[in-house]
1. Please specify each residue of the stretch 1-43 satisfying the condition of being part of a loop (DSSP other than H, G, I, E, B), among the charged types (D, E, K, R) and at pLDDT below 75.
2. Would you please list the contacts, defined by Cβ atoms under 6 Å and residues six or more apart or on different chains, that run from a residue in the stretch 152-174 that is in a loop (DSSP other than H, G, I, E, B) to a residue that is of a type in the set (Lys, Arg) and crowded, with 18+ Cβ neighbours inside 10 Å?
3. Might you let me know whether the stretch 151-163 holds any residue that is farther than 25 Å from residue 283 by Cβ, surrounded by 20 or more Cβ atoms within 10 Å (Cβ to Cβ), out of contact with any Cys (no Cβ under 8 Å at 6 or more places or on another chain) and not hydrophobic (A, V, I, L, M, F, W, C)?
4. Restricting attention to the stretch 348-370, and to residues there that are farther than 30 Å from residue 151 by Cα and modelled with pLDDT of 75 or more, which single residue is surrounded by the most Cβ atoms within 10 Å (Cβ to Cβ)?
5. Out of the residues in the stretch 177-191 that are at pLDDT 90 or above, over 23 Å from the mean Cα position of the chain (by Cα) and more than 25 Å from residue 130 (Cβ to Cβ), which is surrounded by the most Cβ atoms within 10 Å (Cβ to Cβ)?
6. Given (1) at positive phi; (2) at pLDDT below 95, where does residue 225 come up short, assuming only one miss?
7. Test residue 144 against the stated conditions and say whether it is more than 30 Å from residue 231 (Cβ to Cβ), in contact with a Lys or Arg (Cβ under 9 Å, 6 or more places away or on another chain) and modelled with pLDDT of 90 or more.
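The values are calculated or read from the model by the stated rules, or taken from the named source; none is laboratory data. Just so it is clear, the structure is predicted and the values come from calculations on it, not from any experiment. Please note: Cβ atoms are built from the backbone with ideal geometry, for glycine as well, and neighbour counts cover all protein chains shown.
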Amino acid sequence: MAEEGKKEYSGVNINRVVELLGIASSTQVRNTSYRTRCPICGGTNTTKMIIDPPSGRWYCFGCGRHGRAVDLYSFVVYGKGCESKDEFKKLIKEIEEKVGGEGFDPFERIKPEDFNEHEVAPDKDLNAVYTAMLHLDLLKLVDEDLENLKKRGLSDEAIKRNEYASIAEPVFLEAKKYFKEAKELQKHEQNCRKFQKTSLKNICVGRLISDELIKQGLKLEGVPGFYKVCGKWIYVVTEGLLIPVRSISGKVIGIQTRQRDEKTSKGGLRYITLSSKEYPNGTPFKSRPHFPLAGQKALAEHRVGFTEGPLKADIAAEYSDYQYIALLGVSSGIKIIPTVAEYLAKQGTTEMLDCFDMDRLTNPGVAKISLEIHEALKEKGVKVITRLWDEDGAKAAAEDLRKTAKKFHVIPDPEGPYKTPFHEVSAYRRAL
């Protein structure tokens, strides 16, 4: 059928047509994909045809026929699919007459928000899935990401403790076995733009990761970053360094990916927060602050540093006598500032160190979030100190520490030379 005709009937509610044809007697009709028997090629197998209400499409693994709601009706009643715009109009009228009934509209569009997005699972379930994923052999930290973390000043012990992982070329090679299945899934699900824009390579890796977790008995429903097409769970793949986002209790409740340089050379985002919002049967990530594993003692002593990005907070917490809290982004961070401020006040926080990027001087968004944090915490009686996060600041801090160490005859171990000013700051602070 012509493309314009397809666009016209893309909103037909396939569940109404399925009910009209009486082919869903053994399965529950709902707004997620489900299986039933194929009325075209026959047989008693109740699982070989997939009906997907969000996209309004169907596919039979037996005869290979597929299409939209009107095609299904046409195949069953007339033995062929809808082939023209005129046929489409005729079939629409015919279905309408057969269905009838006040308030029973067979052409009701299933809106994108009805893709059956799941509520976010409890933290313990998120932690179970994400921790298992970060420890998959397939996602072992690659040398490039390991060296990057070391250059930023993280020790081998800190890197292991923080459970970083990588999505890189080795996992793509392993996932090739899903290529045929990925093509079939993408051919079936044509109503979700995000899924259609996903490369077959990433779908393959997403299937591999999901299957490995399912083998461990883990449930992926309600976990941001996972979605389901035709009964198959898929992980939303972004190639790069995987950085755990942690709750106050240390549970992994999210993932942020640092894309490698070649992925951001054209102005793309460097850091991507894992979410499967707007994917079929997906789960959106609800904005949460990140609490690094390092610095728990400082939190008990009521000193807190604020910055943007979990990796930056992990590094800062290693060097500092402050507990750091990171917002995952400017726009999402603004929404949770009142909650964070209330929490810190209840915990007895007395001092907050503002370590947002230097672009607060030029970026209105960063400036706004910094100002709102200051105001919210000052209202709670928390002292706010501003620091600029850059190498010059680290050099200045290192110089102050050298003077203090000399005054008290303290020698750091190691004595140097240091890879970065941040390493020097860390060494002197440990010594002092």
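1. Going residue by residue through the stretch 1-43, those that are part of a loop (DSSP other than H, G, I, E, B) are 1-2, 9-13, 22-33, 37-43.
Filter once more, keeping what is among the charged types (D, E, K, R): 30, 37.
Matches in the stretch 1-43: 30 only.
2. Every condition considered, no pair remains.
3. First, the residues of the stretch 151-163 that are farther than 25 Å from residue 283 by Cβ: 151-161.
Of the ones still in play, those that are also surrounded by 20 or more Cβ atoms within 10 Å (Cβ to Cβ) are 153-154.
In the following step, the residues that additionally are out of contact with any Cys (no Cβ under 8 Å at 6 or more places or on another chain) were identified as 153-154.
Then keep just the ones that are not hydrophobic (A, V, I, L, M, F, W, C); that gives 153.
Yes: one or more hits.
4. Residue satisfying both the conditions and the ranking: 349.
5. 184
6. (2)
7. Values: more than 30 Å from residue 231 (Cβ to Cβ): yes; in contact with a Lys or Arg (Cβ under 9 Å, 6 or more places away or on another chain): yes; modelled with pLDDT of 90 or more: yes.
When the stated conditions are applied, residue 144 passes them.
One line per residue, one yes/no per condition, for (1) surrounded by fewer than 20 Cβ atoms within 10 Å (Cβ to Cβ); (2) in contact (Cβ under 8 Å) with a residue 60 or more places away in the chain; (3) assigned to a loop (DSSP other than H, G, I, E, B); (4) in contact with a helix residue (DSSP H, G or I) (Cβ under 8 Å, 6 or more places away or on another chain):
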{"position": "212", "(1), (2), (3), (4)": "yes, yes, no, yes"}
{"position": "218", "(1), (2), (3), (4)": "yes, yes, yes, yes"}
{"position": "223", "(1), (2), (3), (4)": "no, yes, yes, yes"}
{"position": "233", "(1), (2), (3), (4)": "no, no, no, yes"}
